[in-house]
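**Student:** Take this structure, written in structure tokens, and hold onto it; I'll ask about it next.
What follows draws every value from the coordinates through simple rules; no lab data is involved. No experiment lies behind these values; they were computed from the predicted model shown. With ideal geometry, Cβ positions are generated from the backbone for all residues, glycine too; neighbour counts draw on all protein chains shown.
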Amino acid sequence: MDLTYSPDQKRFRHEVRSWMEAHVPSLPLPSFDASREGFEAHREWERTLSQGRWGMVTWPETYGGRGLDLIQWLIFEEEYYRAGAPLRVNQNGIFLLGPTLMEYGTPEQKARFLTAMASGDEIWAQAWSEPQAGSDLAAVKSSAVRDGDDYVLKGHKIWSSRAVFADWAFGLFRTDPASQRHKGLSLVFFPLDAPGVRVQPIAQIDGETGFAEIFLEDVRVPAFNRLGGEGEGWTICMATAGFERGLMLRSPARFQVAARKLVDLYKAHEHEVEPSVREAVLRSWMDTEAYALSIYSTASRLAAGGHIGAEASTNKIFWSEMDIALHKAALSILGARAELLRSAPEAGDIGRWLDGYFFSLAGPIYAGSNEIQRNIIAERMLGLPRA
Amino acid sequence: MAFRGRETMDFRFTEEQEMTAGVVRDLLADLCQPADLRRLMESGDARDANRWEKISEMGLAGALVGEEIGGLGLRPVDFVLVAEACGYACLPEPLVENAGIALPLLASLTQTGTTRFVVERALAGEITVALGHSANPFIADADTAGALLIERDSALHLVSPGDVHLSLQPSIDPFRRLFTAEGGLSEATRVAGNDEAAAKLASALDRGALFTAAQLLGIAQRCVDLAVAYARERQQFGKPIGTYQAVKHQLATAQVKIEFARPVLYAAAATIDHADRYSRARISHAKLVASEAADVAARTAIQVHGAMGYSWEVDVHFFLKRAIALTNWWGGPAFHRGRIAERVLNGELGPEHTFTHAAADA
């Protein structure tokens, strides 16, 4: 156990810091879920990152990365969020599909998709859930029927994040019409502007359209777009979910920056708030630190050849509940001003806490609801019997 | 053996550290099961002589004592897994208090004829040293100790238990032997003045809080394990109760608490020697969340056991009682929250400061 950064790691941190200071936009970009303009501004940022080879530092150099390890990735993320850099519009691609492609893709698929993903030229949406297949994802009905060298896609996907403005989507389809449940599923990519694809935005709790429904009517894609073998979709999908919940989707730095802002907010209002608020603020700081330490611990283990297991589920429960508590603490400090829009004359320093609070409420639901995560922990980590 | 620096951020324990803990775990699995606890409780003895002899034979008494004084010269990070194993077993004997806290404190003082004599006997496993530190209102295991190291007016005194008047303060935990001590201290018994004692008492407090957190984490995991074992066996409505989500989710919640206390504890152990506001806040954080994990896990275990959980017959209450005791031992939640507040409100914050410490270069 050695919790000090090596000289190389320190040099790397300074390199990232200098680059971020020179390149991070001085004003926040408009939301990528509210308008095409905001989406394209974020795509432009992805291109800037990619030109500096900072798009995905853990990827091999061939695909625009730097071949760095997970500790360096954590350092990168720390400097990224410290600098206040924009949220990653391509997170479905780079954090979820990317690592899965790296593991299961053919060389041709990697060459075709990873480079364009890293450069921001192709932004990805996910298309997993269906109206009748949410937590019970194995109930998906959307089909991919083989026709020569193509698949013909048919069905209805929902809660597809980024689908309103993205270029591509990856989804789970039933390639064997006679199959049941987890069997006979395949992971297939499709362009969101292909003939037969209709994207219907869904307004969220905050009015933005971060996700959409996707209607597929005889959408023809080459069989080349299937990742892994036919019928292996479930296994591959779970590997992706492992990454999503486990490590990459929510890096600790994001929460640590939020905790720092919360402490600043508390200090500015220390004498107006009741003592219980102090405890909530300290709690949020502790939780974000615990999350960071836990991820460093996992990264050390993975670097030594370990695999991510059910701790992907404990992570997801922890950060999602922590995020809500952190934002609630901020709202309690803001008191009566918490409900104001930022345009209100009396808004003052209310910041984006209310937006953050709304977004935090989605945390225990997406990427596998926390109820499902608790089942996974109970069954796979504790060894309790399945129902 | 202590620092095997890999010259890079690495959160893993060394093989030696894992191995030491493994030996202790195995020994306690053999000799410190709930049936053994019950036997000791019924006998009314302070210690299980056979078990304590086996523990002493492992030679861990001098784990944290410097090699120049005859100890093993290990660091707290080498001992934290041992303390966790002691919590998991609800060990009655004072391995953690003696080897983890009191003896290293005594050995760190300027050695005189008297202190050296006591340290040597303690290193040989002939006696234990009990510590009366101002963080705790009582002295644990004072009656069975060969020597008492007592803080009084910020100085440290070394006396033999026979030289002071000990009053037993019975604890709800049948294996904790708590005492108050009166009289017997004088200029002649003083072994460290205020100047020397202050820093060493502070570091004893840090070790005390750290290793108590480790024991609490062990207790928490034991409670979950006991409840899981029961939930797999106990049938209601024709199925093991562990198949029901209402049971599963409570145990998963307790396990999440444990999983996010553990890395805090280990980081606290690895950085305790910095002895600054950052390392102290980390220790206090570990103590707080380990207490909370033990509390949630113990109450969950009682709930999962149903009416049996409220009975004397089921073993969970041993762990519940130890958790209650240790939550306020070596600083209660308010004390530790205060140290965290000091660091949060006055120290560096943000993702680049997770591993910051006062002496670190920028």
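**Student:** Just flag the GluC sites (Glu not before Pro) in segment A:336-381 sitting in loop per DSSP whose Cβ has no more than 12 other Cβ atoms within 10 Å. Numbers along the way, then the final one.
**Tutor:** Working: sites: A:E339, A:E346, A:E371, A:E379; in loops: A:E346.
Counting only loop positions with at most 12 other Cβ atoms within 10 Å, the GluC sites (Glu not before Pro) in segment A:336-381 are A:E346.
**Student:** Related question: Sort all Cα-Cα distances of the protein assembly as shown into consecutive 10 angstrom bins from zero, then give the percent of pairs in each bin up to the one containing the longest distance.
**Tutor:** Using 10 Å bins, I get a P(r) of 3, 13, 22, 23, 18, 12, 7, 3, 1, 0 for the protein assembly as shown.
**Student:** What is the distance in Å between the Cα centres of segment A:257-286 and segment B:222-294?
**Tutor:** 26
**Student:** Quick one: among A:E79, A:E108, A:E289, which has the greatest mean-square fluctuation in a GNM of chain A with alpha-carbon springs under 10 angstrom?
**Tutor:** So, out of A:E79, A:E108, A:E289, the one fluctuating most is A:E108.
**Student:** Using θ = phi - 60° and the Karplus form 6.51 cos²θ - 1.76 cosθ + 1.60, what ³J(HN,Hα) does each residue of segment A:293-310 get, whole Hz, x for Gly and Pro?
**Tutor:** Computed from phi, the couplings for segment A:293-310 are 4, 5, 5, 4, 5, 5, 4, 4, 5, 5, 4, 8, x, x, 10, 7, x, 5 Hz.
**Student:** Can you report the principal axis dimensions of chain B using only the alpha carbons, biggest first, rounded to whole angstrom?
**Tutor:** Principal-axis extents of the Cα atoms in chain B, largest first: 70, 57, 36 Å.
**Student:** Ok, one more. Where does helix A:7-23 land angle-wise versus the long Cα axis of chain A, in degrees 0 to 90, nearest 10?
**Tutor:** Computed tilt is about 90 degrees.
**Student:** Give the separation of the Cα centroids, segment A:193-217 to segment B:101-128, in Å.
**Tutor:** Distance between centres, Cα-based: 73 Å.
**Student:** Now, a different point. If you plug each phi of segment B:215-224 into the Karplus form 6.51 cos²θ - 1.76 cosθ + 1.60 with θ = phi - 60°, what whole-Hz ³J(HN,Hα) values come out, in order, with x for Gly and Pro?
**Tutor:** Listing the rounded values in order: 5, 5, 5, x, 4, 4, 5, 5, 4, 4 Hz.
**Student:** Charges at C-beta only: +1 for Lys and Arg, -1 for Asp and Glu. How large is the resulting dipole of the protein assembly as shown about its Cα centre, in Debye rounded to 20?
**Tutor:** Roughly 1100 debye for the protein assembly as shown.
**Student:** Related question: Can you tell me the orientation of helix A:311-334 relative to chain A, as the angle in degrees between its alpha-carbon axis and the longest Cα principal axis, to the nearest 10?
**Tutor:** 40
**Student:** Amide H neighbours of B:R152 under 5 Å, counting only residues 5+ apart in sequence or on other chains, H built in-plane at 1.01 Å?
**Tutor:** So B:R152 has HN proximity to B:H157.
**Student:** Sticking with this structure for a sec: Which one of B:F79, B:L216, B:A252 has its Cα pushed farthest toward the positive end of the charge dipole of chain B, where Lys and Arg give +1 and Asp and Glu give -1 at the Cβ?
**Tutor:** Working it through, the farthest residue towards the positive pole turns out to be B:A252.
**Student:** Compute the distribution of all C-alpha to C-alpha distances in chain A, in bins of 20 Å from 0, and list the percent of pairs in each, rounded to whole numbers.
**Tutor:** The calculated distribution, bin by bin, is 26, 59, 15, 0.
**Student:** Return one number: the angle in degrees, 0 to 90 and rounded to the nearest 10, between the long axis of the Cα atoms of helix B:15-31 and the longest principal axis of the Cα atoms of chain B.
**Tutor:** 70
**Student:** To continue, here is another question. Can you check how the C-alpha radius of gyration of segment A:250-381 compares to 2.2 N^0.38 Å, as a plain ratio? Mind showing how you got there, number by number?
**Tutor:** Values: Rg = 16.7 Å, N = 132, 2.2 N^0.38 = 14.1 Å.
Expressed relative to 2.2 N^0.38 Å, the Cα Rg reads 1.19.
**Student:** Would you compute, from DSSP H runs of 4+ residues alone, the mean residue ellipticity of chain A at 222 nm, taking -39500 (n - 2.57) per run and dividing by the full residue count, rounded to the nearest 500? Each step should come with its number before you reach the end.
**Tutor:** Working: 11 runs with 165 residues, N = 387.
Only helices count here, giving -14000 deg cm²/dmol.
**Student:** Decide, for segment A:124-231, between rounded, prolate and oblate: order the square roots of the alpha carbon gyration tensor eigenvalues as a ≥ b ≥ c, take rounded if a/c falls under 1.5, and otherwise choose prolate if a/b is larger than b/c, else oblate. Each step should come with its number before you reach the end.
**Tutor:** Numbers: a/c = 2.19, a/b = 1.41, b/c = 1.55.
The shape class here is oblate.
**Student:** Per DSSP helix of 4 or more residues, -39500 (n - 2.57); summed, then divided by the residues of chain B. What does that give at 222 nm, rounded to the nearest 500?
**Tutor:** On the way: 11 runs with 188 residues, N = 362.
One gets -17500 deg cm²/dmol as the mean residue ellipticity at 222 nm.
**Student:** Another one. Near A:K183, which lysines are there with a Cα under 21 Å away, not counting those fewer than 8 places off in the same chain?
**Tutor:** A:K183 reaches A:K141, A:K154, A:K157.
**Student:** Let me ask something else. I'd like the mean, over residues of B:268-277, of how many other protein chain beta carbons sit within 10 Å of each residue's own Cβ.
**Tutor:** Working: counts 1, 2, 4, 3, 0, 0, 0, 0, 0, 0.
For this peptide, the per-residue mean of nearby foreign Cβ atoms is 1.
**Student:** When the C-alpha atoms of segment B:11-128 are aligned to their principal axes, what extent does each axis show, in angstrom, from largest down?
**Tutor:** Cα extents, longest axis first: 43, 39, 18 Å.
**Student:** Turning to a different aspect of this structure: Can you grab the distance from the C-alpha centre of segment B:306-362 to the C-alpha centre of segment B:52-94, Å, no decimals?
**Tutor:** 21
**Student:** Of the listed peptides B:226-234, B:29-37, what is their order by residue-averaged count of other C-beta atoms within 10 Å, with the highest listed first? Mind showing how you got there, number by number?
**Tutor:** On the way: B:226-234: 19.2, B:29-37: 15.3.
Put in order of decreasing packing, that is B:226-234, B:29-37.
**Student:** Would you please put B:96-106, A:162-172 in order of how densely packed they are, using the mean number of other Cβ atoms within 10 angstrom per residue and starting with the highest?
**Tutor:** Top to bottom by mean Cβ count within 10 Å: B:96-106, A:162-172.
**Student:** Residues of A:369-378, mean number of Cβ from any other protein chain within 10 Å of their own Cβ, rounded to a whole number? All intermediate terms of the calculation are to be shown ahead of the outcome.
**Tutor:** Working: counts 0, 4, 4, 0, 3, 9, 4, 2, 9, 14.
That average works out to 5.
**Student:** So what are the radius of gyration and Dmax for the Cα set of segment B:299-362, in Å?
**Tutor:** 19.5, 57
**Student:** Next up: Could you give me the ³J(HN,Hα) list for segment A:119-131, computed from phi with Karplus coefficients 6.51, -1.76, 1.60 and θ = phi - 60°, whole Hz, x at Gly and Pro?
**Tutor:** In residue order, the calculated couplings are 7, x, 5, 10, 9, 10, 10, 9, 9, 9, 5, 10, x Hz.
**Student:** Once Lys and Arg get +1 and Asp and Glu get -1 on their Cβ, which of B:S311, B:T112, A:S179 lies farthest toward the positive end of the dipole of the protein assembly as shown?
**Tutor:** Of the candidates, A:S179 comes out farthest on the positive side.
**Student:** Related question: Thinking of segment B:199-353 as a set of Cα atoms, what percent of all their pairs are more than 19 Å apart?
**Tutor:** Of the Cα pairs, 55 percent sit more than 19 Å apart.
**Student:** Using a 10 Å cut-off around each Cβ of peptide B:236-248, what is the average number of partner chain Cβ atoms that fall inside?
**Tutor:** 3
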